[in-house]
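Trainee: Encoded as structure tokens, here's the structure I'll be asking about.
The values are calculated or read from the model by the stated rules, or taken from the named source; none is laboratory data. Owing to the predicted nature of the structure, the values given are computational and were not obtained by experimental measurement. Positions of Cβ are generated from backbone atoms using ideal geometry, with glycine treated the same way; all protein chains shown enter the neighbour counts.
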Amino acid sequence: MVETPGSQSSLHRANLERVIRAVRMAGSLTQAEIARTTGLSAATVSNIVRELKEGGTVEVTPTSAGGRRARAVALSADAGIVVGVDFGHSHLRVAVGNLAHKVLAEDAEPIDVDASSAEGFDRAERLVRRLVSESGISPGKIIGIGLGVPGPIDIGTGVLGSTAILPGWAGAHPRDEMAARTGVPVYVDNDANLGALGERVWGAGQGADDLAYIKVASGVGAGLVINGQIYRGPGGTAGEIGHITLDESGPVCRCGNRGCLETFTAARYVLPLLHSSHGTGLTMARVVRLAGEGDPGCRRVIADIGRHIGSGVASLCNLLNPSRVVLGGDLAEAGDLVLDPVRDSVARYSIPSAARQLRVSPGELGSRAEVLGALALVLNEMGEATLLDAAASFAA
Ligand SMILES: [Zn+2]
């Protein structure tokens, strides 16, 4: 049936989709909250929720909101599953979740950085199949796969740009490779954006519509959530906070400029500072641990990293005025040893009104932030129509 825009049935369909959109990123909302978010009347919300419940798209459970009895609406656990795949410098991590934001299965394996991208995708496919099978749900219920890659990705073409982290992957086409192996839609994003999504849905960013997730690892990047949406920019390179210039006569950066924030904070620049005192073979995780045990050299290095990140965060505050900054990666484990210097620099270099409402917190998800963000990416990107149609086809 062809629906005329503005007709009764297309209006109804639009309302169904509005309710689904409100619920899928929140995880669970009361009917009053749905009415507030969508602008629909309480009576309309009540009717639509009943219809979606009968169709198997949502589940309704009793809850108490502010001491009052209410009904919580969540996407049905049976309405489909989503899969997250995260490729990092040395690991492959996969998670399987349902649409009610519950993680059903999760595992990680080491990967060889020098292996080809094809080998990486083959292993990812095997791990996805094993975990879906362990979760006891039919692979036919996979609605989409979110895929995290450690490098710049062209969102339009899906091609991975040059990557210093997995050299054999430059020019790879992760979205098509994964879709060809699994036969389901694949959504791709970089690790910083996924970290932002993961922390926003499951971790330290819950409830924040304007959020920056700062990931300090082999490189330094930021995932930006603005007005509740990931901001990527037309080329997908938004959030390159690592290349803010801190010192024009500083070390030469891999981007070709000098004195970028990354050259004062990323592991490969910072760890050599400790070689003469602590020997080679250090990792950032070990430096964080030693700093926690009181090692003065490691404490100094961590504090300096925090101070420099804080300068970058101060610029970010002046431009975007986020309400929350979440620090992810190994560095987050240092807690206040790194966060206090970040806060000091923010207070020093940002406009007071931009920093006043800012909360700087450590990530809560650790190394799981990206793979959970990959699950959130599917929830974020899949159309409401996909869900309605999926529920209808599973019911058939
Ligand atoms: Zn640079």
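Trainee: Is there a residue being within 29 Å of Ser116 (Cβ to Cβ) and among the β-branched types (Val, Ile, Thr) anywhere in the range 192-215?
Mentor: no
Trainee: Considering only the range 169-182, I want to know if a residue exists there that is assigned to a helix (DSSP H, G or I), at pLDDT below 90 and small (Gly, Ala, Ser).
Mentor: No: zero hits.
Trainee: Run down Arg36, Arg50, Arg21, Arg69 and say which single residue is modelled with pLDDT under 85, not hydrophobic (A, V, I, L, M, F, W, C) and not assigned by TED's automatic domain parsing to the domain that holds Gly97.
Mentor: Numbers: Arg36 fails: modelled with pLDDT under 85; Arg50 fails: modelled with pLDDT under 85; Arg21 fails: modelled with pLDDT under 85.
The conditions single out Arg69.
Trainee: Which residues, taken from the range 229-265, are surrounded by 20 or more Cβ atoms within 10 Å (Cβ to Cβ) and away from the ligand (no atom under 14 Å from the Cβ)?
Mentor: Ile230
Trainee: I would also like to ask the following. Among the residues in the range 271-291, are any at pLDDT 95 or above, buried (at least 21 other Cβ atoms within 10 Å of the Cβ), at negative phi and within 16 Å of the ligand (Cβ to nearest atom)?
Mentor: The answer is no, given that none of the residues of the range 271-291 is at pLDDT 95 or above, buried (at least 21 other Cβ atoms within 10 Å of the Cβ), at negative phi and within 16 Å of the ligand (Cβ to nearest atom).
Trainee: Count, please, the residues in the range 32-59 that happen to be out of contact with any Leu (no Cβ under 9 Å at 6 or more places or on another chain) and within 16 Å of Ser76 (Cβ to Cβ).
Mentor: Selection size over the range 32-59: 5.
Trainee: Across the range 58-80, which residue is farthest from Gly183 (Cα to Cα) among those that are of a type in the set (Val, Ile, Thr) and surrounded by fewer than 24 Cβ atoms within 10 Å (Cβ to Cβ)?
Mentor: Checked the range 58-80; the qualifying residue farthest from Gly183 (Cα to Cα) is Thr63.
Trainee: Any residue in the range 186-198 that is at negative phi, surrounded by fewer than 21 Cβ atoms within 10 Å (Cβ to Cβ), of a type outside the set (Phe, Trp, Tyr) and at pLDDT 80 or above?
Mentor: No, every residue in the range 186-198 fails to be at negative phi, surrounded by fewer than 21 Cβ atoms within 10 Å (Cβ to Cβ), of a type outside the set (Phe, Trp, Tyr) and at pLDDT 80 or above.
Trainee: Would you pick out the residues in the range 208-249 that are at positive phi and in contact with a Ser or Thr (Cβ under 9 Å, 6 or more places away or on another chain)?
Mentor: none
Trainee: Scan the range 333-345 and tell me whether some residue there is of a type in the set (D, E, K, R), modelled with pLDDT under 95 and outside any helix (DSSP H, G or I).
Mentor: Among the residues of the range 333-345, not one is of a type in the set (D, E, K, R), modelled with pLDDT under 95 and outside any helix (DSSP H, G or I), which makes the answer no.
Trainee: Among the residues in the range 209-219, are any in a strand (DSSP E or B), among the polar types (S, T, N, Q) and either within 24 Å of Ser361 (Cβ to Cβ) or within 16 Å of the ligand (Cβ to nearest atom) (or both)?
Mentor: Step one: of the range 209-219, the residues in a strand (DSSP E or B) are 211-216.
Subsequent filtering for residues that are among the polar types (S, T, N, Q) retains none.
No.
Trainee: Take the range 53-95 and flag every residue that is free of Cβ contacts under 8 Å to residues at least 40 places away in the same chain and not charged (D, E, K, R).
Mentor: Val58, Val60, Thr61, Pro62, Thr63, Ser64, Ala65, Gly66, Gly67, Ala77, Ser90, Leu92
Trainee: Test Gly183 against the criterion of being surrounded by fewer than 19 Cβ atoms within 10 Å (Cβ to Cβ) and at positive phi, and give yes or no.
Mentor: Answer is yes for this residue.
Trainee: In the range 346-368, how many residues are outside any loop (DSSP other than H, G, I, E, B) and out of contact with any Leu (no Cβ under 7 Å at 6 or more places or on another chain)?
Mentor: Start the filter on the range 346-368 by keeping residues that are outside any loop (DSSP other than H, G, I, E, B), which leaves 346-349, 352-355, 359-362, 366-368.
Imposing the further condition that a residue be out of contact with any Leu (no Cβ under 7 Å at 6 or more places or on another chain) reduces the set to 347-349, 352-355, 359, 361, 366-368.
Adding up the residues that qualify gives 12.
Trainee: Any residue in the range 181-199 that is in contact (Cβ under 8 Å) with a residue 12 or more places away in the chain, away from the ligand (no atom under 16 Å from the Cβ) and farther than 23 Å from Leu160 by Cβ?
Mentor: yes
Trainee: Among Gly366, Gly297, which is more than 27 Å from the chain's Cα centre (by Cα), more than 22 Å from Ala238 (Cα to Cα) and more than 16 Å from the ligand (Cβ to nearest atom)?
Mentor: Gly297
Trainee: Something else: Which number in (1) assigned to a loop (DSSP other than H, G, I, E, B); (2) in contact with a His (Cβ under 9 Å, 6 or more places away or on another chain) marks the one condition that Gln206 misses?
Mentor: The one condition Gln206 does not meet is (2).
Trainee: Can you name the number of the only condition in (1) of a type in the set (A, V, I, L, M); (2) within 21 Å of Ala22 (Cα to Cα); (3) crowded, with 24+ Cβ neighbours inside 10 Å that Ala208 fails?
Mentor: Unmet condition: (3).
Trainee: Got a sec? Which strands (runs of 3 or more DSSP E) wholly within the range 7-76 have at least 1 residues that are more than 19 Å from Gly383 (Cα to Cα), touching an Asp or Glu at 6+ places or on another chain (Cβ under 9 Å) and not basic (Lys, Arg)?
Mentor: Ranges flagged: 58-65, 68-75.
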